[in-house]
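Asks: The structure is given below, and queries will be raised subsequently.
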Amino acid sequence: MIGSDLLKGSLRTIILKLLQEEGPTHGYALTRRVEEITNGKIKLTYGALYPLLHKMESEKVLVTAREIRNNRIRVYYSLTDKGHSVAREKVKEMIEFIKSLQLIIEIKPGVNYA
């Protein structure tokens, strides 16, 4: 499993990318989707997810819609126009970061990384 210290800087981008691709989604579905995509290597905690969703809502990056399902209120999160723009920017930034990180940690032949 990937440690929370590595995940902290990526969580916003992960949420934005999923909402951009999948449309309105509730928090529980976001956590399940991340686990599914990563084969369980990344597990989002509600303690990290919901404060960030609320923060992004206050920044006008997300909007919410409430729906009653099985006698329970579900809150669906979706991107605003600003959110779509921020998502594109953050994904581009993350791609550049990953490429740079790969250059730094590139595995060298004959070195034991265990």
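Asks: Counting only residues that are in contact (Cβ under 8 Å) with a residue 40 or more places away in the chain and among the acidic types (Asp, Glu), how many does the range 54-68 have? Before you say what the answer is, go through the steps one by one.
Replies: Of the residues in the range 54-68, the ones in contact (Cβ under 8 Å) with a residue 40 or more places away in the chain are 56, 61-62, 65.
Add one more test, that the residue is among the acidic types (Asp, Glu), and what stays is none.
Looking only at that region, the number is 0.
Asks: I'd like to know if the range 6-23 contains one or more residues that are buried (at least 17 other Cβ atoms within 10 Å of the Cβ), under 13 Å from the mean Cα position of the chain (by Cα) and at pLDDT below 90.
Replies: Yes, because at least one residue in the range 6-23 is buried (at least 17 other Cβ atoms within 10 Å of the Cβ), under 13 Å from the mean Cα position of the chain (by Cα) and at pLDDT below 90.
Asks: Scanning for something closer than 18 Å to residue 91 by Cα, at pLDDT below 95, out of contact with any helix residue (DSSP H, G or I) (no Cβ under 6 Å at 6 or more places or on another chain) and not in a helix (DSSP H, G or I), does the range 62-73 turn up at least one residue?
Replies: Filtering the range 62-73 for residues closer than 18 Å to residue 91 by Cα gives 62.
When the remaining residues are screened for being at pLDDT below 95, the result is none.
The answer is no; no qualifying residue exists.
Asks: Restricting the search to the range 39-96, which residues are among the acidic types (Asp, Glu) and surrounded by fewer than 16 Cβ atoms within 10 Å (Cβ to Cβ)? Break it down stepwise before answering.
Replies: From the range 39-96, those among the acidic types (Asp, Glu) are 57, 59, 67, 81, 89, 93, 96; that's our starting set.
Once the filter is applied, which keeps residues that are among the acidic types (Asp, Glu) and surrounded by fewer than 16 Cβ atoms within 10 Å (Cβ to Cβ), the range 39-96 yields 59, 67, 81, 89, 93, 96.
Asks: Given the conditions (1) of a type in the set (Asp, Glu); (2) without any contact (Cβ under 8 Å) to a residue 60 or more places away in the chain; (3) not in a strand (DSSP E or B), and given that residue 93 satisfies all but one, which numbered condition is not satisfied?
Replies: For residue 93, the exception is condition (2).
Asks: Name the one entry in 98, 42, 104, 73 that is over 14 Å from the mean Cα position of the chain (by Cα) and under 20 Å from residue 1 (Cα atoms).
Replies: Details: 42 fails: over 14 Å from the mean Cα position of the chain (by Cα); 104 fails: under 20 Å from residue 1 (Cα atoms); 73 fails: under 20 Å from residue 1 (Cα atoms).
Answer to the selection: 98.
The values are calculated or read from the model by the stated rules, or taken from the named source; none is laboratory data. These numbers come from a predicted model, not from an experiment. Here Cβ is always computed from backbone atoms with ideal geometry, including for glycine, and neighbour counts include all displayed protein chains.
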